[in-house]
Every structure is written in structure tokens, then in C-alpha cells.
1. Counting only the backbone N, which residues of segment 127-142 are under 13 Å from the spot 7 Å out from the Cα of residue 224 toward its beta-carbon?
2. In percent, how large is the relative contact order of segment 2-101, given Cα pairs closer than 8 Å and 6 or more residues apart?
3. For segment 2-101, what is the convex hull volume of its Cα atoms per residue in Å³?
4. Tell me, what is the FRET efficiency for residue 145 and residue 400 to the nearest 0.05, using R0 = 60 angstrom and their Cβ-Cβ distance as r?
5. Please give the peptides 231-244, 71-84, 255-268, 379-392 ranked by average Cβ packing (other Cβ atoms within 10 Å per residue), highest first, as a rough proxy for protection.
6. What does the convex hull of the Cα atoms come to per residue for segment 114-183, in Å³?
7. Kindly rank 171-184, 150-163, 105-118 from highest to lowest mean number of other beta carbons found within 10 Å of each residue.
């Protein structure tokens, strides 16, 4: 069996090499050898090969001949190949299936519809109960009403279960922060000015010892919570988080961002403006397929962000991993979107831990996700209005985009 994350595939050699390595086939043998292995009608070996292509929509843009060959081989009369393609893109059938039908290939399509509110609530409840002992009926961290509220909100918007998990995690983080602040205030000793007056001890009076229980200074109390005693997120917490995630107005979400998140958004807005200006200049000479490709790729955005941070030492730039995490967070807040129709995370894909036997050009190369294009969902006026406060002047310089290539 071979499971291929297609976001890490850059070309045909990467895909064929991964199949050869996982299925213990001959290395660098070419298409004909793979055909003989997968269709081998004359072979005495009756073993089957299972190939799972995750994020298969990433390969559509590459137009790999091997991809179409795999579908053709899997539907041959003597085929020994079982091929499963998994995709998140909603428009995959429009972009991919017409090409297959033109080659007389009609794979079976199994669509997974968006989750209903009852299904989302059931999954969230089951996940939380799995943290408790088997005989327990308690649901930790979230109140049942809050789970139902989250499920209905997500079902009415996207039906994406990952969005529900993200909202629940943010609600729990909100409760955790409130609890920490509350416990911190409770552990602060009372001010001496607020302590009651004590007996004035003079030399003629014997020294009376005071009971420790009557001490005006509070002892530091360290509260330890368990799954049963931990505070739970309420409907109010869930409403606050969902308002940030699904609100049509972006002002509130923009104001809640930290400095680095705003810096990435400013860089994206400046880069989009630069590309639009260049596009207008080349509009007459451009082909129709190039006119709409103004959204920068993740790699281009990171390079532009790093360049603006280094210019005049505006900010300390993030690492590639940290930058990807920031972009993923902005996507969860619906402040950026993937213009290529892919619903997967912008977070970097972990390369395969299996060492390649082919040396150079191995499967653990550059991440295919760097080519994914990202666009801002907010206007420059909204973004400019959210740059008040600390670091606002530096962010406005980044928004101007002076020095972008």
C-alpha cells in the first residue's frame, strides 16, 4: 500500500518514485514497468496494489501524465491496482472529471456532504467524552448547550468539522485565560492599607500572639483543576468566538490580531496592490489565463514579508514554520482565503520520514504547498483603520509596500 500526500509532489518523478519505494518496485524503471506491475495480465502474481492519493486536487494543476495513467490502469480489465483519490476542493469534478471522461475514464465518485448540526454535536461530544473514564457521563471543557450552539453555527455556515474543532479550541483557550486571571487576582495579598487596625502594643502590655487564621495577609493558593473540576465554556464564550469567526464585518476580527498577524496582512495587501498595478500595465499583452493570477503564492508572500521586515529593521521576521502558522490562523478567521479552491490548511506538510533510496530528487523535497495562492478578504481601508495603537506607524509603512520587487 502507498499513501501519497500530493501537496508534497512537485513533478512526475516524485510521484512515481514514491510509488516505487512504498510498493517495493524497481527504481527509475519508467512508465512501462509500472504499467506491467499494475496491469500485468501475464504475471502469475495475483497480489493487489492499493494507492491512496490524498489532496489529489494538487496534481490537477500539474497536469501529470502519470496521474491519468494511474486512473486508466486501475480500470483496465486485468488491473491489479486499487486507486483511491481524496480531495477537499469542491470544484474538483468540474476541473478534473471532464478530462478523464475525454479519455473514456469514469471513476466512481463518492461525495461527502457537509456535516449537519446533529452530526457535529455528536462528534464533538464523543471526542470530549473520550478524555474521561469509560463509566463517566461527564463532558469536560464545554457545556452541552455550548456544543449545540457551536454545531448549529458551523452547520449553517460551512458544515466543516475542522472549523467546529477550531472554534471549540478557541473557546477553551478563552476560558483558560479567564480562569488564570481570576486565580491570579485571588492569590494577590490584600493591601496593608485595607487591613484592620490592631492593638497598639506598648511596653506595659504583654505581647499577645495572634492566631495564624486571623492574619490579614492571604496565603498564596495554587489551584489545581481536573477534568471534572475544570471550568467549562458557556454559550457566551462560544458566541464570542463564533462572532469573530463568522462575522461579516472584519473590523472586530482585525482589531483582535497581534502585531505579526497584522504585519502579514499588510504585506499581503501591499503585494496584491503591486501585482494589480503590474497587471494593468501588461493587460493588453497578457493572455486570458494570466490576467486573473494576481494573488501571490505562499512562497512569494513569505519572501515579501521577510524583505519588508528587514528593510529599516521594522520587525523581527518569523521563521517559515511560524509564518505558515500565522497564515493558517488568518484563514481560520476568514481574513485570507485560498484562491485555488483547496480547503486544506496552509500549514507546512511534514516531509516523509522514510529516507529516499534514490538520493537527489527524492520525495522529501520542497513542499508543494508553497505554490498555493492566497488572497486577502478585507479591504485596504478596513485594514488601515485597524492599525491604530502600538506599532501602527511601522505597519502603515509595510502597507505602503515600498521596496517590494
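Values quoted throughout were computed directly from the atomic coordinates according to the rules given, and no laboratory measurement underlies them. None of these values were measured; they are calculated from a predicted model. Using ideal geometry, Cβ is built from the backbone for each residue, glycine included, and neighbour counts are taken over all protein chains shown.
1. Within reach of a label on residue 224, which here means backbone N under 13 Å from a point 7 Å along Cα→Cβ, segment 127-142 contributes nothing.
2. Computed over segment 2-101, the figure is 34 percent.
3. Hull volume normalised by residue count: 91 Å³.
4. According to the calculation, E is roughly 0.80.
5. For the peptides 231-244, 71-84, 255-268, 379-392, the packing ranking is 255-268, 231-244, 71-84, 379-392.
6. 90 Å³
7. The packing order, highest mean first, is 150-163, 171-184, 105-118.
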